[in-house]
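Engineer: Encoded as structure tokens, here's the structure I'll be asking about.
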Amino acid sequence: MPVGTAATVKALTNEALEELGASIILANTYHLYLRPGHPLIHKLGGLHKFMSWPGAILTDSGGYQVFSLAALRKITDEGVTFRSHLDGSEHLLTPEKAAEIQLALGADIAMVLDECIETPAPRDKAETALVRTTLWAKRAREFFLVNEASFGGMRQWQFGIVQGATFADLRRESARQLLELDFPGYAVGGLAVGEPHAMTCEMAGEVTALLPPERPRYLMGVGRPEQLADYVALGIDMMDCVLPTRAARHACLYTSEGRVLIKNARYAEDQRPIDPRCECSVCKRYTRAYLRHLFAAGEISAAILASHHNVHFYLDIMRQIREAIEFGNVAKFSAEMQARYAAGPA
Ligand SMILES: [Zn+2]
């Protein structure tokens, strides 16, 4: 899922996203709650209509941004009190409030509020967060089931989020507790936040082994191109990441040969496309030399073209992984991808 923080995937129009074949995007509840506000979006017909996006949308709970962006956080069992990073105003985000905001936004998939903690976390802190995450998930589920019908009848799926930091037994316990709440889909949260990739995989694997395979399993906030197949091999169905668009804006292009840091002088006269094996409209038309020039000149089109290519590259990896699943060679695909990326920029 490309990330469309403020109801837009940075530097890409919805027309471009459609051309790229994006079927679902993510929008950030925290940002939309603060600006322009969920009541306005609800009044104007919901997020799909507001941003004119006919595809699927997933909204997060707002929790991750509250824990990472907002100031003066005070966490109690009731919820999280925080100050807006925009104007310093004080807000209380509760599990009920997060569910209510997302019902008002009207995305197809909504996430429950969970407690995000820093990794590595001491065990007692991870245990406390786990208890609170389940408590909040229960309250969010109850609120959702009671109030779902009063928000215009658009069917929304609410997902639970498994926590437990880097403790395998806590991860399993969190999954078991959430399974009792019977969510239509489950996410694995609090991973890929600095721990080694092997640890991310180990924890995700502990959880996917317990979650029902017929319901979507979503690993939040991952990952690098060469890691995606590993997660799929563990049973992960959905992922979101700001990396393709964020890296694009920082002149980092992902290719079948590895990363291309396009500002590098070696590309000044390079007449090849960003990725000779890429079939995106940017690679069909523009050269590395031109992209490098646009970045050097600080042109807006640099971000637009780079984002277009990177999102195509990510979505194409997922298409290739689906194909690899059909042929039973995901492990081979993953190994080849990792070897290319280990070799460094082309
Ligand atoms: Zn391309």
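The values are calculated or read from the model by the stated rules, or taken from the named source; none is laboratory data. All values reported here derive from a predicted model rather than from experimental measurement. Glycine also receives a Cβ, built like all others from the backbone with ideal geometry; neighbour counts cover every protein chain displayed. Just so you know, the surface numbers come from the protein's heavy atoms only, side chains and all, with ligands and any DNA or RNA stripped out. Shrake-Rupley method; radii C 1.70, N 1.55, O 1.52, S 1.80 Å.
Engineer: Within the stretch 73-83, how many residues are open to solvent by 10 Å² or more (accessible area, probe 1.4 Å) and in contact (Cβ under 8 Å) with a residue 24 or more places away in the chain? Quick ask: steps written out before the conclusion?
Structural biologist: If we filter the stretch 73-83 for residues that are open to solvent by 10 Å² or more (accessible area, probe 1.4 Å), which is where we start, we get 73-78, 81, 83.
Remaining after also requiring in contact (Cβ under 8 Å) with a residue 24 or more places away in the chain: 75, 77.
Adding up the residues that qualify gives 2.
Engineer: Among the residues of the stretch 58-72, is any in contact (Cβ under 8 Å) with a residue 40 or more places away in the chain, part of a loop (DSSP other than H, G, I, E, B) and acidic (D, E)? Outline the logic, then answer.
Structural biologist: Narrowing the stretch 58-72 to residues in contact (Cβ under 8 Å) with a residue 40 or more places away in the chain: 58-64, 67-68, 70.
Next cut, part of a loop (DSSP other than H, G, I, E, B) only: 60-62, 70.
In the following step, the residues that additionally are acidic (D, E) were identified as 60.
The answer is yes, given that some residue of the stretch 58-72 is in contact (Cβ under 8 Å) with a residue 40 or more places away in the chain, part of a loop (DSSP other than H, G, I, E, B) and acidic (D, E).
Engineer: Out of everything in the stretch 262-273 that is open to solvent by 20 Å² or more (accessible area, probe 1.4 Å) and of a type in the set (A, V, I, L, M), what residue ends up being nearest to the ligand (Cβ to nearest atom)?
Structural biologist: A268
Engineer: Of the residues G55, G79, which is farther than 25 Å from A137 by Cβ and not β-branched (V, I, T)?
Structural biologist: Values: G79 fails: farther than 25 Å from A137 by Cβ.
When all the criteria are applied, what remains is G55.
Engineer: Continuing with the same structure: Taking the stretch 274-320 on its own, how many of its residues are more than 9 Å from the ligand (Cβ to nearest atom), part of a helix (DSSP H, G or I), surrounded by 14 or more Cβ atoms within 10 Å (Cβ to Cβ) and of a type outside the set (A, V, I, L, M)?
Structural biologist: Matching residues across the stretch 274-320 total 9.
Engineer: Moving to a separate point now. Can you name the condition, by its number, that G235 falls short on among (1) open to solvent by less than 20 Å² (accessible area, probe 1.4 Å); (2) touching a Gly at 6+ places or on another chain (Cβ under 9 Å); (3) within 15 Å of the ligand (Cβ to nearest atom)?
Structural biologist: Only one criterion in (1) open to solvent by less than 20 Å² (accessible area, probe 1.4 Å); (2) touching a Gly at 6+ places or on another chain (Cβ under 9 Å); (3) within 15 Å of the ligand (Cβ to nearest atom) is unmet by G235, namely (3).
Engineer: Looking only at the stretch 321-333, filter to residues that are assigned to a helix (DSSP H, G or I) and open to solvent by 60 Å² or more (accessible area, probe 1.4 Å); which one of those is farthest from the ligand (Cβ to nearest atom)? Break it down stepwise before answering.
Structural biologist: To start, the set of residues in the stretch 321-333 that are assigned to a helix (DSSP H, G or I) comprises 321-327, 330-333.
Checking the rest, the ones that are also open to solvent by 60 Å² or more (accessible area, probe 1.4 Å) come to 322-323, 325-327, 331-332.
Values: R322: 19, E323: 18, I325: 23, E326: 24, F327: 24, A331: 26, K332: 24 Å.
In this case the residue turns out to be A331.
Engineer: Only one of these conditions is not met by E336: (1) in a helix (DSSP H, G or I); (2) acidic (D, E); (3) in contact (Cβ under 8 Å) with a residue 12 or more places away in the chain. Which number is it?
Structural biologist: (3)
Engineer: Failed condition for M203, given (1) assigned to a helix (DSSP H, G or I); (2) hydrophobic (A, V, I, L, M, F, W, C); (3) modelled with pLDDT under 95, with all others met?
Structural biologist: Against the list (1) assigned to a helix (DSSP H, G or I); (2) hydrophobic (A, V, I, L, M, F, W, C); (3) modelled with pLDDT under 95, M203 comes up short only on (3).
Engineer: Here's something else I'd like to know. Go over the candidates L113, L92, L178 one by one and state the one that is under 17 Å from L32 (Cα atoms) and under 22 Å from the mean Cα position of the chain (by Cα).
Structural biologist: One residue alone meets the criteria, L113.
Engineer: Additional query: Only one residue in Y30, Y64 is hydroxyl-bearing (S, T, Y), within 27 Å of G223 (Cβ to Cβ) and open to solvent by 40 Å² or more (accessible area, probe 1.4 Å), so which one is that?
Structural biologist: Numbers: Y30 fails: open to solvent by 40 Å² or more (accessible area, probe 1.4 Å).
Testing whether each residue is hydroxyl-bearing (S, T, Y), within 27 Å of G223 (Cβ to Cβ) and open to solvent by 40 Å² or more (accessible area, probe 1.4 Å) leaves just Y64.
Engineer: Somewhere in the stretch 271-287, is a residue under 24 Å from the mean Cα position of the chain (by Cα) and of a type in the set (S, T, Y)?
Structural biologist: No, the conditions are met nowhere in the stretch 271-287.
Engineer: Could you tell me how many of the residues in the stretch 187-224 are under 20 Å from H309 (Cα atoms) and either β-branched (V, I, T) or in contact with a helix residue (DSSP H, G or I) (Cβ under 6 Å, 6 or more places away or on another chain) (or both)?
Structural biologist: 1
Engineer: Across the stretch 139-193, what is the number of residues that are assigned to a loop (DSSP other than H, G, I, E, B), touching a Pro at 6+ places or on another chain (Cβ under 7 Å) and basic (K, R)? If you could, list the steps in order and put the result at the bottom.
Structural biologist: Looking only at the stretch 139-193, we keep the residues that are assigned to a loop (DSSP other than H, G, I, E, B), and these are 151-156, 163-167, 180-184, 189-193.
Filter once more, keeping what is touching a Pro at 6+ places or on another chain (Cβ under 7 Å): 166.
From what's left, basic (K, R): none.
Here the count works out to 0.
Engineer: How about the stretch 262-311: which of its residues are closer than 18 Å to E18 by Cβ and touching a residue at least 60 places away in the same chain (Cβ under 8 Å)?
Structural biologist: Of everything in the stretch 262-311, those that are closer than 18 Å to E18 by Cβ and touching a residue at least 60 places away in the same chain (Cβ under 8 Å) turn out to be C280, S281, I304, S307, H308, H309, N310, V311.
Engineer: Does P120 count as open to solvent by 10 Å² or more (accessible area, probe 1.4 Å), in contact (Cβ under 8 Å) with a residue 24 or more places away in the chain and under 25 Å from V131 (Cα atoms)?
Structural biologist: When the stated conditions are applied, P120 passes them.
Engineer: Working carefully through the options R249, R259, find the one that is open to solvent by 30 Å² or more (accessible area, probe 1.4 Å), within 23 Å of the chain's Cα centre (by Cα), within 15 Å of the ligand (Cβ to nearest atom) and in contact (Cβ under 8 Å) with a residue 12 or more places away in the chain.
Structural biologist: Numbers: R249 fails: within 15 Å of the ligand (Cβ to nearest atom).
Sole residue among the options that is open to solvent by 30 Å² or more (accessible area, probe 1.4 Å), within 23 Å of the chain's Cα centre (by Cα), within 15 Å of the ligand (Cβ to nearest atom) and in contact (Cβ under 8 Å) with a residue 12 or more places away in the chain: R259.
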